[in-house]
1. Starting with the fewest neighbours, write out 123, 338 ranked by other beta-carbon atoms found within 10 Å of each beta-carbon.
2. Using only the alpha-carbon atoms of the stretch 57-309, report the extent along each of the three principal axes, biggest first, to the nearest angstrom.
3. For the stretch 270-422, what is the Kirkwood hydrodynamic radius in Å, using each pair of distinct C-alpha atoms?
4. Compute from the Cα atoms of the stretch 213-268 the Rg and the Dmax, the latter being the longest Cα-Cα distance, and quote both in angstrom.
5. May I ask you to derive the FRET efficiency for residue 178 and residue 260 from their Cβ-Cβ distance with R0 = 22 Å, giving the value to the nearest 0.05?
6. Among 142-154, 211-223, 66-78, how do they line up by average Cβ neighbours within 10 Å per residue, starting with the highest?
7. Cα atoms only: what Rg and Dmax, in Å, come out for the stretch 168-229?
8. Let me know the whole percent of all Cα-Cα pairs from the chain that are separated by more than 32 Å.
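Taken together, the values in this text are just the output of simple stated rules run on the coordinates, not laboratory data. Here the structure is a predicted model, which is why all the values come from computation and not from measurement. Heads up, the Cβs are rebuilt from the backbone with ideal geometry, glycines too, and the neighbour counts pull from every protein chain shown.
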Amino acid sequence: MTTTPVTGDDILRGPGFDPAMLRFQFPILAQKIHGDKRLAYLDNAATTQKPQPVICALCEYYEFCNSNVHRALHELAERATEQYDESRRKVARFIGAGQEESVVFTRGTTESINLVAYAWGRKFIEEGDVILLTEMEHHSNIIPWQILAREKGAKLVYVPVLDDGSLDIEAFHRSLSSKVKLFAVTHMSNVLGTINPVKELADAARAAGARVLVDGAQSAPHMPIDVQDLGVDFFAFSGHKMCAPTGIGALYARRELLEDMDPFMGGGEMINRVSLDDATWAEVPHKFEAGTPNISGAVGLGVAVDFLANLGMDKILEHDRRLTAYTIEKLSAIEGIKIFGKAPERGGAISFEVAGIHPHDLSQLVDREGVAIRAGHMCAQPLMKRLGVGAVSRASVYLYNVEEDVDQLVYAIGKAKDFFKV
Ligand code: PMP
C-alpha cells in the first residue's frame with residue numbers, strides 16, 4: 001500500500017517534452033469519437049484533460065487517505081491534512097508566491113475574483129471610486145465588479161481594445177488617477193489570445209495607488225508565473241484549465257491584504273474562537289476557507305502543478321507558441337475565414353468565424369469529424385460587441401496537441417464548408 005500520490009516524475013523523466021508521447025499520459029485522448037474518428041481535442045481554454053498521475057492521485061486519495069482535514073487526530077486525518085497542506089506549498093512554489101499563507105484554495109478563478117470583490121471590495125471600495133477593467137475581460141472579471149460598484153456607488157471604467165486585439169496601453173495610462181482603487185485585468189484573453197503586459201501595467205497602476213488583480217485563468221496553465229515578479233496584489237486561476245480536477249483553483253493575495261480583508265464566508269475552519277455573540281477569525285489563509293474544502297481536488301492540483309513543472313512551463317509556452325503559429329497559418333489559408341486577435345504577444349486561444357456558417361453549426365459539424373472546439377460568446381459579451389459579432393468559434397491548444405489535431409480541424413472546416421456550400 002502506498003499513500004504517496006504519483007507525481008509523474010518517473011514517467012516524465014523518460015522522453016522529456018514530446019507532445020506526441022505526452023498524449024499517452026492522457027487516457028481520454030486515446031478514444032475514438034463518433035465511431036472511428038480520432039479525437040482532436042481543441043477546447044483547452046474551456047477545460048483541459050487530465051493526465052494519468054492526476055487521475056491516479058484522486059483514486060489513491062480516496063482509497064488510502066480520505067478524511068476531513070485540520071480536525072481529527074487519527075491517521076487518515078493526518079494523511080489527508082498532510083497532502084492538502086503539501087498541495088498548498090506546491091501551488092505557492094508554482095506561482096512564486098513566496099509563502100504558502102498567500103494561497104487560498106477556491107473553486108477556481110470565478111470564486112477567487114468574487115472572494116476579492118466581497119472580502120476586499122466591500123471593505124475598501126467607496127462611493128465615487130473607480131474600478132478599472134478592460135474590454136477583453138471574461139464575465140468572471142466583470143460581473144463581481146458590477147455588483148460591487150452598484151452596491152457602493154463606484155464607477156466602472158474600461159480600457160479599450162485596439163483593432164489588432166491588443167490593449168490600448170495609452171488609454172490605460174490616461175485612465176489612471178487617484179480615484180482608481182482597483183485595476184482588474186486578464187493576463188491572457190480567452191477570446192483573442194492576447195497576452196497583456198501585466199508587469200508593466202501593474203507597476204503603473206500600483207504607482208497610481210491602485211490595487212491590481214490579475215485573472216490568470218488562461219495564463220497559469222501556459223506560461224511560467226511569478227506573482228511577486230509580476231508585482232500584482234491578487235492573482236486568480238483555475239485548476240481544471242491546467243490538468244487538475246474541476247472545482248479547485250486558487251487565489252494568490254499578498255499576505256497583508258489577506259490579513260486586512262474581512263472573511264468571505266462564515267462557518268467551520270475559518271474561526272478561532274466563537275461565542276454566542278461574537279467570533280474571531282483563523283489565521284490566513286484559513287480565514288477564507290470556510291467549511292470542508294475540496295481536499296481531493298487540492299491534492300489533484302498539487303499533482304498537476306508537479307506534472308507541469310516537471311515538463312517545464314517554459315517548454316509548454318514554447319510548444320504553445322509553435323502550435324499557435326501553425327494553427328493561425330493553416331486557418332488563415334481557408335477562404336472566408338476571419339481570425340480575431342492578431343496581437344504580437346499571444347497564446348493559443350484562437351477565435352475565428354467562417355463566412356456563411358454560424359459558429360454553433362460549425363462546432364457541431366467539426367465535432368462529427370472528431371474535433372472538439374468551442375462556439376458562442378465565450379463569456380465575453382462586451383468583447384463580442386467590440387468585435388461586432390454575436391458569437392465566434394474558438395480552437396485552443398495545450399501541451400498534448402499536435403499538428404495532426406490542427407490538420408484535422410482544417411479538414412473538418414473544409415467539410416463543413418462543403419455541407420453549407422460556402
Ligand atoms: N477568466 C478567464 C479568462 C477564463 O477563460 C475563464 C474560464 N473560461 C474564467 C475566468 C473563469 O474560470 P472558471 O470558470 O474556472 O472559474
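1. Details: 123 11, 338 15.
Lowest to highest Cβ neighbour count: 123, 338.
2. Here the spans come out as 58, 46, 26 Å, largest first.
3. Numbers: mean 1/r = 0.0536 Å⁻¹.
The answer is 18.7 Å.
4. Every Cα atom of the stretch 213-268 included, Rg and Dmax give 12.7, 36 Å.
5. Approximately 0.65, to the nearest 0.05.
6. On the way: 142-154: 17.2, 211-223: 27.7, 66-78: 13.8.
Ranking, from highest mean packing down: 211-223, 142-154, 66-78.
7. 11.8, 34
8. Of all Cα-Cα pairs in the chain, 38 percent lie more than 32 Å apart.
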